[in-house]
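Note sheet for the following structure.
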Amino acid sequence: MTKKEMAHSANIQESIVIHVPKEKLWETTALQFSRIGDWSPGVVRSKGNGTSQLGAACMERLCEPSYRGFTKTIERIVDYKPEIYQFTYQIVAVMPKIVQRATNTCTHIDRGEATQIMMDVNMELKGFVGWLMRKPMQKRMVKILRENLEELKTFVETGQVHERKKRVNS
C-alpha cells in the first residue's frame, strides 16, 4: 500500500469474548446475517435479499440505520468461510460520499467455553475531505464497533436486547 493509499484508509479492529460456543455465535452473526436489526441499536430494521453463491443464508442485507447522518445501506457478503468461522461483508450501496469502499471481516475464535469475535473494518476514503475526515471517522467507528460488540454479547448470552436497543425501539 502506498503512502497516499494509507493516508486515505481507515482501519479499525475490535474484539470481545462472548461466553457461548462459536457455533451459537456463528448462528447469530453469519447464519442470521439478515437479522442484525433484531439486536443492534445501530439498525432499526434489516432484511435479507438474494441467494448467496457462497453458501451464506442470503446474498446481502438491507439495513435502516439509526445513526444520525446515515441512510439505508446494502451490505453484501463477499467472502464466506464457514470452515474457519469467518465472513466478510462490504457496504455496496448508499455510503457517505467520501467513502469509496468499506468492508468488515468477522472472525470467530474458539476460547474454550467462550468465543472471541474480531471485527476488522477497512474503509477506503476518497479526496481531500476523506483525508481530513479519516481520524474523526476512525474515532466514531471505534465507538460504534465497541457498542455493537457489547450489544451482540448481551443478545447472544442472555437472549435479551441491550438497553441501547430498547431505547431505539421505544
Inset, instruction - Could you list all residues from the stretch 128-154 that are touching a strand residue (DSSP E or B) at 6+ places or on another chain (Cβ under 9 Å), more than 26 Å from LEU25 (Cβ to Cβ), open to solvent by 40 Å² or more (accessible area, probe 1.4 Å) and not aliphatic (A, V, I, L, M)? - result: TRP131, ARG134, LYS135
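Out of THR115, THR158, THR103, I need the residue that is of a type in the set (Val, Ile, Thr), in contact with a Leu (Cβ under 6 Å, 6 or more places away or on another chain) and either under 19 Å from PHE33 (Cβ atoms) or modelled with pLDDT of 95 or more (or both). Which one?
On the way: THR158 fails: in contact with a Leu (Cβ under 6 Å, 6 or more places away or on another chain); THR103 fails: in contact with a Leu (Cβ under 6 Å, 6 or more places away or on another chain).
Exactly one of THR115, THR158, THR103 is of a type in the set (Val, Ile, Thr), in contact with a Leu (Cβ under 6 Å, 6 or more places away or on another chain) and either under 19 Å from PHE33 (Cβ atoms) or modelled with pLDDT of 95 or more (or both), namely THR115.
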Inset, instruction - Within the stretch 35-49, track down each residue that is hydrophobic (A, V, I, L, M, F, W, C), touching a strand residue (DSSP E or B) at 6+ places or on another chain (Cβ under 8 Å), open to solvent by less than 30 Å² (accessible area, probe 1.4 Å) and not in a helix (DSSP H, G or I). - result: VAL43
Inset, instruction - Would you check if there is a residue in the stretch 114-125 being in contact (Cβ under 8 Å) with a residue 60 or more places away in the chain, more than 17 Å from the chain's Cα centre (by Cα) and open to solvent by 60 Å² or more (accessible area, probe 1.4 Å)? - result: no
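Does LYS97 meet the test of being more than 15 Å from the chain's Cα centre (by Cα) and either open to solvent by 40 Å² or more (accessible area, probe 1.4 Å) or closer than 27 Å to GLU23 by Cα (or both)? Please lay out each step first, then the result.
Working: more than 15 Å from the chain's Cα centre (by Cα): yes; either open to solvent by 40 Å² or more (accessible area, probe 1.4 Å) or closer than 27 Å to GLU23 by Cα (or both): yes.
Spelling it out, LYS97 is indeed more than 15 Å from the chain's Cα centre (by Cα) and either open to solvent by 40 Å² or more (accessible area, probe 1.4 Å) or closer than 27 Å to GLU23 by Cα (or both).
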Inset, instruction - Answer yes if at least one residue in the stretch 53-72 is over 21 Å from ASP38 (Cα atoms), open to solvent by 20 Å² or more (accessible area, probe 1.4 Å) and outside any loop (DSSP other than H, G, I, E, B), and no otherwise. - result: no
Legend entry - Some residue of the stretch 85-99 being under 26 Å from SER52 (Cα atoms), modelled with pLDDT of 95 or more and outside any strand (DSSP E or B): yes
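Given the structure, is GLU14 within 19 Å of VAL121 (Cα to Cα) and either open to solvent by 50 Å² or more (accessible area, probe 1.4 Å) or in a strand (DSSP E or B) (or both)?
Values: within 19 Å of VAL121 (Cα to Cα): yes; either open to solvent by 50 Å² or more (accessible area, probe 1.4 Å) or in a strand (DSSP E or B) (or both): yes.
Yes, satisfied.
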Legend entry - Tabulated pairs, the stretch 138-152, first under 18 Å from ILE18 (Cα atoms), second open to solvent by less than 80 Å² (accessible area, probe 1.4 Å) and among the charged types (D, E, K, R), C-beta under 7 angstrom, 6+ apart or interchain: LEU145/GLU14; ARG146/GLU14; GLU147/ARG164; LEU149/GLU14; GLU151/ARG164; GLU151/LYS165
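The values are calculated or read from the model by the stated rules, or taken from the named source; none is laboratory data. A quick note: this is a predicted structure, and the numbers were derived from the prediction, not measured. Please note: Cβ atoms are built from the backbone with ideal geometry, for glycine as well, and neighbour counts cover all protein chains shown. Each accessible area value is taken on the protein alone, full model and side chains, heavy atoms only, with ligands, DNA and RNA left out. Shrake-Rupley method; radii C 1.70, N 1.55, O 1.52, S 1.80 Å.
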